[in-house]
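Enquirer: This is the structure I want to talk about, given as structure tokens.
The values are calculated or read from the model by the stated rules, or taken from the named source; none is laboratory data. This structure is a prediction, so every number in the text was calculated from the model and none was measured. Please note: Cβ atoms are built from the backbone with ideal geometry, for glycine as well, and neighbour counts cover all protein chains shown. Note: areas computed on protein heavy atoms with side chains; ligands, DNA, RNA excluded. Shrake-Rupley method; radii C 1.70, N 1.55, O 1.52, S 1.80 Å.
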Amino acid sequence: MIKFSEEKLKKVSEIIQRYPEGRQKSALLPVLHLAQDEFDGWLDTPVMDYVASLLNIEPIEVYEVASFYSMYNLKPVGKYLFEVCQTGPCMINGSDDIIGYIKTKLNIGVGETTADGLFTLKTVECLGACGYAPMMQLGKTYREHLTKEKVDAIVAECRSKAN
Amino acid sequence: MAKKLLLDKAHVPGIRSYEVYRKEGGYRSVEKAFRLTPAEIVEEVKLSGLRGRGGAGFPTGMKWSFLAKPEGVPRYLVCNADESEPGTFKDRYLMEFIPHLLIEGMIVASFALGSNVSYIYIRGEYAWIADILENAIDEAKQNGWIGKNILGTGFNFELYVQRGAGAYICGEETALIESLEGKRGNPRIKPPFPAVKGLWDCPTVVNNVETLAAVVPIINEGGEAYSKIGVGKSTGTKLISACGNINKPGIYEIDMTISVEDFIFSDEYCGGIPNGKRLKACIPGGSSVPILPANLLLTTAKGEKRMMNYESLSDGGFATGSMMGSGGFIVLDEDQCIVRNTMTLARFYHHESCGQCSPCREGTGWMERILKKIESGKGEMKDIDLLWDIQRKIEGNTICPLGDAAAWPVAAAIRHFRDEFEWHVQNPEKCLTENFGLRHYADPIHVAVTA
């Protein structure tokens, strides 16, 4: 049974209060973020249907939004999602090398997850950190000025947190 | 040292907190604004000459005066914090380090526009900054700047942060409104403009973060004083986010009277190019604006020093000029490959096209594929003409400006660097291991002397 915790449900009603009456659909993006955080980092169909029921909208209204925005994962991802920027300014500063290094180190391709389910590698387009390139997003944080050594440290940090 | 209006307190320890911000003179503009009528505030902003800092450069006061005010219909102010234009990371800095400046500007602007509920729509990836803003809003609320009957004026005001979820297109104001309504970020057909029919079909103003922050010094110092900073129609100060091959990437507040050359090479700003490399090219206003070779970047086609302001950066039109855009300043040194750089930008726009209009949906992917082909040494000469043809057919043929934004970088790259594209075609193996280099791109420009 898919259900938010009481605390999350309270948060959902708080979010709905931000909009005029009858405009609860506006809460869709924030509630999908909550859902993704709560249910293993991705949006399975039953999760999206649950969100639709919470906001009193049709499931299709959720699917079309979830499939539009790049931050919503429609397939399972590893516990740690490495989202490495590859657009112009990051490319100039060596993002290709960083992506290549992560591939070799974790032995996965872009869009793949390690066998232990810990890491997924994704390439993304400009995240607004061009002056601190190359960079990646990891959860709620940005990891900037990446080097091979920094990638090693981040991987070690994630592994130790997972244990 | 240029006058700083937005970042002058950015380095005060603890400025992120309400207490320090207030002690440093924060929220004075709200007190002052409440002594004025909403119409007088709009007048001050008009007088200031402030132009939208998101990229389009439209006069803010004029945008505000277009807002429809039908009886009994709510009006909304929405802050566009969906900063996503490659090369641009200035709004992030403002929100992360001086969140109260944006909040203060939004209270004043909301009072001027008659918005009792306003929203900050922030790109979803800036998740930790959304938290910073929410904390700052709570502080402002606790101190009586947000809520019911603020300072006894009878003005009720609430402010909320809404996170996007990864879509460049939501920086376009009607796509942003759609997204805030819980839909896909598909831009709307205009008219009607948001000023008449925006959020939930109500009159709405959408302003960039830096624009709203600039309202604070405008109200504090007066529109006229603000208009005297800068030059011509480039009034006030502008935040530039500088990146690429420079010694000191970061955020700089400039007063638009300095030259591009000084901006790149002086120690006060970018500090020159690392490792003794030479300047090859620059995209001065975010990835959408035309890339310029070093010579045209530093000197206009008329032979004048190019300056860091709206007029000078666009001097010569697209033939020999560029644009101020969002202030995302990307510097490329002699080792950079223009074909590869253009390919990454084409890939970006392909990824970000919402898919509504076929010229953009199909054209962006087509351009990406051709650029990949040329970049990997498999291009033919006719591909270069094909690219030119595709970009021309996208420009102006789409609902929103993303089509233009995708077309311009490709057009400018071919316009100014055609021989580098041809070299890739002619040297299919060499181009995989070597770069075309600087060549003639920094050579002095021949200026025709009229008799």
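Enquirer: Over its Cα atoms, what ratio of radius of gyration to 2.2 N^0.38 Å does the protein assembly as shown give?
Expert: That ratio works out to 0.95.
Enquirer: Please compute the net charge surrounding B:N116, taking Lys and Arg as +1 and Asp and Glu as -1 over other residues with Cβ under 9 Å from its Cβ.
Expert: 0
Enquirer: What average count of beta carbons from other chains do you get within 10 Å of the Cβ of residues in A:28-37?
Expert: The shielding value for this peptide is 4.
Enquirer: Roughly what angle does helix A:95-106 make with the longest principal axis of chain A, taking Cα atoms, 0 to 90 degrees, to the nearest 10?
Expert: 90
Enquirer: Equivalent ellipsoid semi-axes for segment B:18-228, as square roots of 5 times the alpha carbon gyration tensor eigenvalues: give them largest first, rounded to whole Å.
Expert: One finds semi-axes of 23, 20, 17 Å for segment B:18-228.
Enquirer: Here's another thing I want to ask about it. Express the Stokes-Einstein translational diffusion coefficient of segment B:125-171 in µm² s⁻¹, to the nearest whole number, given a Kirkwood radius over alpha-carbon pairs, 20 °C and a viscosity of 1.002 mPa s.
Expert: The diffusion coefficient I find is 175 µm²/s.
Enquirer: Would you list which aspartates and glutamates come within 13 Å of B:K430, measuring only between C-alpha atoms, while excluding same-chain residues fewer than 8 positions from it?
Expert: Candidates past the 8-residue exclusion: B:E375, B:E420, B:E422.
Enquirer: Report the B-A buried area as the accessible area lost on both sides summed, probe 1.4 Å, in Å² to the nearest 100.
Expert: 3900
Enquirer: Per DSSP H run of at least 4 residues, take -39500 (n - 2.57); add these up for chain B, divide by its residues and hand me the 222 nm value, nearest 500 deg cm²/dmol.
Expert: The per-residue figure over chain B is -12500 deg cm²/dmol.
Enquirer: Mind checking the mean number of beta-carbon atoms from other chains within 10 Å of the Cβ atoms in B:342-348?
Expert: Rounded to a whole number, the mean comes out at 4.
Enquirer: A further question on this structure: Quick one: what do you get for segment B:234-333 if you divide its Cα Rg by 2.2 N^0.38 Å?
Expert: Taking the Cα Rg and dividing by 2.2 N^0.38 Å, one obtains 0.94.
Enquirer: Still on this structure, I have one more. Beyond 17 Å, how much of the Cα-Cα pair distribution for segment B:338-433 remains, as a whole percent?
Expert: 42
Enquirer: Kindly provide the pair-distance distribution of chain B built from C-alpha pairs, with 20 Å bins from 0 and whole-percent values in order of increasing distance.
Expert: 25, 55, 19, 1
Enquirer: Give me the residues in segment B:147-167 whose solvent-accessible area, probe 1.4 Å, is reduced by at least 30 Å² once all protein chains are included instead of the chain isolated.
Expert: B:Y160, B:Q162, B:R163, B:A165, B:G166
Enquirer: Local charge sum around B:C337 (other residues, Cβ-Cβ under 9 Å, Lys/Arg +1, Asp/Glu -1)?
Expert: That works out to -2.
Enquirer: Is any residue of segment B:130-159 close enough, with backbone N under 19 Å, to a label point placed 7 angstrom from the Cα of B:R35 along the Cα-Cβ axis, and if so, which?
Expert: Only B:145, B:150-155 fall inside the zone, counting backbone N under 19 Å.
Enquirer: What's the Cα-based Rg to Rh of chain A, Rh via Kirkwood?
Expert: Taking Rh as the inverse mean 1/r over Cα pairs, Rg/Rh reads 1.03.
Enquirer: Which parts of segment A:130-156, residue by residue, lose 40 Å² or more of accessible area when the rest of the protein chains are there, as against the chain isolated (1.4 Å probe)?
Expert: Going by heavy-atom accessible area, the residues of segment A:130-156 that drop by at least 40 Å² are A:C130, A:G131, A:Y132, A:K140, A:Y142.
Enquirer: Next question. Relative to the first principal axis of the alpha-carbon coordinates of chain A, what is the inclination of helix A:45-55, with its axis defined by its Cα atoms, in degrees from 0 to 90 and to the nearest 10?
Expert: Helix A:45-55 sits at roughly 50 degrees to that axis.
Enquirer: Relative to the longest principal axis of the C-alpha atoms of chain B, give the angle of the C-alpha long axis of helix B:99-113, reported between 0 and 90° and rounded to the nearest 10°.
Expert: 70
Enquirer: For B:F329, which sequence-distant residues (separation of 5 or more, or a different chain) have an amide H within less than 5 Å of its own amide H, given hydrogens modelled in the peptide plane?
Expert: B:S241, B:A242, B:C243, B:G286
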